[in-house]
Ligand SMILES: Cc1cc2nc3c(=O)[nH]c(=O)nc-3n(C[C@H](O)[C@H](O)[C@H](O)COP(=O)(O)OP(=O)(O)OC[C@H]3O[C@@H](n4cnc5c(N)ncnc54)[C@H](O)[C@@H]3O)c2cc1C
């Protein structure tokens with residue numbers, strides 16, 4: 001296959017989103033990327049195209065047209081029924097080689113992080129991983145890809161000067177979702193990729209449900225998070241109690257995850273989930289820059305910490321200096337009999 005590296009960047013056009021689906025359910029990050037892709041495409045006067053890979057998903061492809069999309073390329077093949085790294089990377093890179101998009105956006109989910117770099121390597125381009133901001137350089141129309149660097153201590157903006165497409169994975173929960181519309185103006189183009197079972201090195205034999213409670217931090221309106229200040233894993237029972245009283249989800253700092261007190265799916269921050277709830281309550285969390293990176297856009301931040309110098313107090317709306325084991329029970333007492341909406 002010819003390498004895109006050797007082609008003139010001017011030949012590449014349009015903004016592509018590689019949609020993610022499982023059993024026909026489109027991952028929310030794909031809708032966020034359509035919203036962001038539309039903004040970028042409008043700035044450079046280009047189209048937004050979504051690539052959906054799967055098998056017998058015509059209805060899903062049609063549904064995607066209700067978002068601001070010009071074309072949905074629907075890669076339909078039995079070998080694409082379940083996610084398979086080789087099959088998806090092959091099918092998508094074939095289409096990219098053929099149609100030559102200028103920008104390709106992928107969600108920085110487990111699947112996107114697996115798929116994006118493989119496609120970039122196959123098409124001879126680079127990839128900026130885990131972007132939190134995208135923009136277009138007004139001077140030359142190149143994609144400005146911003147992501148935390150050096151352990152989150154600074155934000156780096158990366159450009160891809162020569163190779164095309166310009167590829168990024170983007171963190172879920174950071175970009176605004178595209179709006180659903182009753183009207184659909186675009187079209188679905190069905191494509192049958194060239195795939196053979198013998199080209200795939202892995203095969204899905206079975207799916208095992210680990211029975212873990214799913215945490216939905218991205219859509220949560222209220223998050224109560226605990227950190228190392230809890231001192232013990234049992235401390236999360238108190239955090240859960242407050243979260244239940246406020247009808248929220250439980251979050252955590254990385255220190256609590258690293259200590260094995262709570263599953264990584266609860267981690268907020270640069271290497272966890274980016275959240276923007278209406279209310280974020282940080283309990284026994286110092287507010288390291290990497291934690292802030294995932295929660296500083298919360299509407300209201302409440303911090304409970306014994307150390308008045310803790311950095312979390314610099315970004316919170318309401319700060320309580322005190323022992324969380326004294327403050328939270330008082331908090332719970334004051335909430336007794338109250339409905340969350342009364343807050
Ligand atoms: C590349 C990289 C990525 C990272 N990604 C993340 C990330 O995604 N998310 C994340 O959170 N961190 C991340 N970190 C780690 C981060 O730098 C911090 O180490 C971590 O956030 C600290 O967690 P903490 O606030 O719970 O612990 P600490 O910093 O130890 O803070 C504990 C706080 O609890 C307070 N406290 C103690 N006892 C009590 C009490 N009884 N009542 C009230 N307060 C009390 C203390 O005063 C202190 O402020 C990352 C680091 C690196 C280098």
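The values are calculated or read from the model by the stated rules, or taken from the named source; none is laboratory data. Nothing here was measured: the structure is a model prediction, and the numbers come from that model. Cβ placement follows ideal geometry from the backbone for every residue including glycine, while neighbour counts extend to all protein chains displayed.
Please go through region 266-289 and pick out each residue that is in a helix (DSSP H, G or I) and in contact with a strand residue (DSSP E or B) (Cβ under 8 Å, 6 or more places away or on another chain). Steps first, please.
Step one: filter region 266-289 for residues in a helix (DSSP H, G or I), giving 266, 289.
Matches in region 266-289: 266 only.
Take region 45-69 and flag every residue that is under 20 Å from the mean Cα position of the chain (by Cα) and either within 13 Å of residue 34 (Cβ to Cβ) or surrounded by fewer than 19 Cβ atoms within 10 Å (Cβ to Cβ) (or both).
48, 49, 50, 51, 52, 64, 67, 68, 69
Where the second residue is at pLDDT 95 or above and assigned to a helix (DSSP H, G or I) and the first is in the same structural domain as residue 146 (by TED's automatic domain parsing) and more than 17 Å from residue 106 (Cα to Cα) and lies in region 30-47, which pairs have Cβ atoms under 9 Å and are six or more apart or on separate chains?
46/40
Just name the residue that is farthest from residue 242 (Cα to Cα) out of those in region 302-341 that are touching a helix residue (DSSP H, G or I) at 6+ places or on another chain (Cβ under 9 Å) and more than 14 Å from the ligand (Cβ to nearest atom).
The selected residue is 338.
Residues in region 162-179: is at least one more than 30 Å from residue 139 (Cβ to Cβ) and surrounded by fewer than 12 Cβ atoms within 10 Å (Cβ to Cβ)?
Looking through region 162-179, none of the residues is more than 30 Å from residue 139 (Cβ to Cβ) and surrounded by fewer than 12 Cβ atoms within 10 Å (Cβ to Cβ).
If a residue counts only when it is at pLDDT below 90 and within 19 Å of the chain's Cα centre (by Cα), which strands (runs of 3 or more DSSP E) contained entirely in region 138-200 have at least 1 such residues?
Output list reads 143-149.
Out of 257, 215, 268, report the one residue that is within 20 Å of residue 296 (Cα to Cα), more than 13 Å from the ligand (Cβ to nearest atom) and touching a helix residue (DSSP H, G or I) at 6+ places or on another chain (Cβ under 9 Å).
Selected residue: 215, the only one of 257, 215, 268 that is within 20 Å of residue 296 (Cα to Cα), more than 13 Å from the ligand (Cβ to nearest atom) and touching a helix residue (DSSP H, G or I) at 6+ places or on another chain (Cβ under 9 Å).
Only residues that are surrounded by fewer than 24 Cβ atoms within 10 Å (Cβ to Cβ), within 12 Å of the ligand (Cβ to nearest atom) and modelled with pLDDT of 95 or more: list them for region 273-291, please.
Scanning region 273-291 gives 286, 287, 288.
Quick grid of which residues meet (1) out of contact with any strand residue (DSSP E or B) (no Cβ under 8 Å at 6 or more places or on another chain); (2) part of a loop (DSSP other than H, G, I, E, B); (3) not assigned by TED's automatic domain parsing to the domain that holds residue 188:
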position: 50; (1), (2), (3): no, no, no
position: 59; (1), (2), (3): yes, no, no
position: 104; (1), (2), (3): no, no, no
position: 112; (1), (2), (3): no, no, no
position: 118; (1), (2), (3): yes, no, no
position: 126; (1), (2), (3): no, yes, no
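Just checking, does region 222-237 include any residue being more than 9 Å from the ligand (Cβ to nearest atom), surrounded by fewer than 23 Cβ atoms within 10 Å (Cβ to Cβ) and under 18 Å from residue 172 (Cβ atoms)? Show your work before the answer.
Taking region 222-237 and keeping what is more than 9 Å from the ligand (Cβ to nearest atom), we get 222-224, 232-234, 236-237.
Next, from what is left, pick out any that are surrounded by fewer than 23 Cβ atoms within 10 Å (Cβ to Cβ): 222, 232-234, 236-237.
If we keep only those that are under 18 Å from residue 172 (Cβ atoms) as well, we get none.
There is no residue in region 222-237 that is more than 9 Å from the ligand (Cβ to nearest atom), surrounded by fewer than 23 Cβ atoms within 10 Å (Cβ to Cβ) and under 18 Å from residue 172 (Cβ atoms).
Among the residues of region 223-241, are any touching a residue at least 12 places away in the same chain (Cβ under 8 Å) and within 19 Å of the chain's Cα centre (by Cα)?
Checked region 223-241: at least one residue is touching a residue at least 12 places away in the same chain (Cβ under 8 Å) and within 19 Å of the chain's Cα centre (by Cα).
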